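Below you'll find the structure, written out as structure tokens, and then a few comments.
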Amino acid sequence: MQDRLQRAVACYSRGLLPEALRHVEAALADGDVAADALELKGVILQMQGEHHLALRPLLEAQKLQPLSMAAQLAIAECYCESGDIEEAREIYYALAERYDFPTSLLSSLAEGLGRLQEFELAKRVCETAVRRNPESHSALYGVVFYMTRAGEPAEKSIPLVERLIDLAPRIFRYRISLATLYCILEEWEKAYLAIADATTKELYSVDCTCCIARLVGLFEKFGDQERSAFCRRRLLEIASE
């Protein structure tokens, strides 16, 4: 059983989930039920979106030994999917307080908290990710995203978005975020300047109709007819999909 489980772990580590699942099921079929194998099976199934199938092996593993934080997070996500919100909330709260929670899972933890509209706590989780890796633009974007969802004033987010653009100048959605914040403050010129040099490729990458409509308004406001027309065509294209 141990050899099969080791092969399952190796495949899992490489992102080969179907192959990892085959190995772990073969390990379980060999005889003795091992908590590690049950836990891994549950985590894999949850990652594959099979939440209703994932919960049972995870709970069985939990009876045998304390679960890893990855498995606890998987259980919380399964509870969310099944509508057991308070059970999920309890786990998310406990994980958010763990100083040793794995950095690689912080974004998933924040996302789970966000689904429960725990925006302030989700922001704090993203701030932890930024402290651990100050150069992570995705972690910083999480801070901004949950600040916005929590209803914090736009002016508080602007310096963070400017930092985002410094970290990742080629990611167009960060510039759109900056333009959106300036639109909220009715600082139209600053909003336009944030996206004034957008390329056709960058504009085409936007698939949020609200964002594109906002771009249309900004481009028209400043006489940028070429980009405005392109965005209008993009809206029609999305509507026809």
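The values are calculated or read from the model by the stated rules, or taken from the named source; none is laboratory data. Values in this document were obtained by computation on a predicted structure and should not be read as measured data. Please note: Cβ atoms are built from the backbone with ideal geometry, for glycine as well, and neighbour counts cover all protein chains shown. In case anyone asks, the SASA skips ligands and DNA or RNA and just uses the protein heavy atoms, side chains included. Shrake-Rupley method; radii C 1.70, N 1.55, O 1.52, S 1.80 Å.
A compact table of results
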item: Residue in the range 149-156 that is over 30 Å from K190 (Cα atoms) and either of a type in the set (A, V, I, L, M) or in contact with a Ser or Thr (Cβ under 7 Å, 6 or more places away or on another chain) (or both) present; result: no
item: Filter result for I158 (within 20 Å of the chain's Cα centre (by Cα), at pLDDT 95 or above, assigned to a helix (DSSP H, G or I) and not hydroxyl-bearing (S, T, Y)); result: no
item: Residues being loosely packed, with under 15 Cβ neighbours inside 10 Å and under 16 Å from Y92 (Cα atoms) - total across the range 125-157; result: 0
item: Filter result for V206 (under 20 Å from the mean Cα position of the chain (by Cα), of a type in the set (V, I, T) and more than 23 Å from F119 (Cα to Cα)); result: yes
item: In the range 23-60, residue least open to solvent (accessible area, probe 1.4 Å) [restricted to those that are closer than 21 Å to L109 by Cα and among the acidic types (D, E)]; result: E39
item: Failed item, numbered, when L5 is tested on (1) part of a helix (DSSP H, G or I); (2) modelled with pLDDT of 90 or more; result: (2)
item: Test for V206: is it assigned to a helix (DSSP H, G or I) and β-branched (V, I, T); result: no
item: Extreme residue, surrounded by the most Cβ atoms within 10 Å (Cβ to Cβ), among residues of the range 159-192 that are more than 25 Å from S136 (Cα to Cα) and not hydroxyl-bearing (S, T, Y); result: C183
item: Residues (at positive phi and either within 25 Å of the chain's Cα centre (by Cα) or in contact (Cβ under 8 Å) with a residue 60 or more places away in the chain (or both)) located in the range 23-80; result: G49
item: Answer from E155, E202 - the residue that is among the charged types (D, E, K, R), farther than 30 Å from E120 by Cβ and in contact (Cβ under 8 Å) with a residue 12 or more places away in the chain; result: E202
item: The range 113-129, residues that are in contact with a Lys or Arg (Cβ under 9 Å, 6 or more places away or on another chain) and either in a helix (DSSP H, G or I) or not acidic (D, E) (or both); result: L113, G114, L116, Q117, F119, A122, K123
item: Of the criteria (1) over 26 Å from C211 (Cβ atoms); (2) in contact with a Lys or Arg (Cβ under 8 Å, 6 or more places away or on another chain), which one P134 fails; result: (2)
item: Criterion: among the hydroxyl-bearing types (S, T, Y) and open to solvent by less than 30 Å² (accessible area, probe 1.4 Å) - qualifying residue of Y99, Y12, Y92, Y79; result: Y92
